[in-house]
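The values are calculated or read from the model by the stated rules, or taken from the named source; none is laboratory data. Since the model is a prediction, treat every value here as computed from it, not as a measurement. Cβ atoms come from the backbone with ideal geometry, glycine included; neighbour counts cover every protein chain shown.
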Amino acid sequence: MPDSSSRVEDRPERNRYEIDVDGQVAFLTYRRKPDHILLAHTEVPMSLRGQGLGQELARHALDEARTTGTHVVVKCPFVTAWLRSHKEYDDLVIARVAESGQVDRQPPADAK
């Protein structure tokens, strides 16, 4: 799999991370707050699905949060599911928001 840092671009004017593949764009939207970043929605065009682009976007967002010392709130169902098998990011996640609006708060871990 290609290095996600070389493919993922932050587009703060659009509040999202993007991967452009021949003019088709996969993205993960976010909202930055003073004390956290909310990962809201991942979208990958049908023709690009199955190539790992969603996981590249998720990994990039979480790696960036770790580098900047930012806590993460996850609303995106894809990122929530992806995190189930990537426990190495659990220390960053302070809450998960279900589609119903229910919030599962997690105390921040000491280390990020």
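Some notes on this structure:
- Options 65, 98: the member that is of a type in the set (A, V, I, L, M) and over 24 Å from residue 12 (Cβ atoms): 98
- Hits in region 58-70 - residues which are outside any loop (DSSP other than H, G, I, E, B) and surrounded by 15 or more Cβ atoms within 10 Å (Cβ to Cβ): 58, 59, 60, 61, 62, 63, 64, 65, 66
- Some residue of region 12-33 being in contact with a His (Cβ under 7 Å, 6 or more places away or on another chain) and farther than 23 Å from residue 104 by Cα: yes
- Among all residues of region 50-60, there is none that is charged (D, E, K, R), more than 15 Å from residue 10 (Cα to Cα) and at pLDDT 95 or above.
- Against the numbered list (1) surrounded by 13 or more Cβ atoms within 10 Å (Cβ to Cβ); (2) at pLDDT below 95, residue 5 comes up short only at (1).
- Pairs linking a residue in region 32-57 that is surrounded by 14 or more Cβ atoms within 10 Å (Cβ to Cβ) and part of a strand (DSSP E or B) to a residue that is among the acidic types (Asp, Glu) and modelled with pLDDT of 95 or more, with Cβ atoms under 9 Å and 6 or more positions apart or on different chains, are 37/64.
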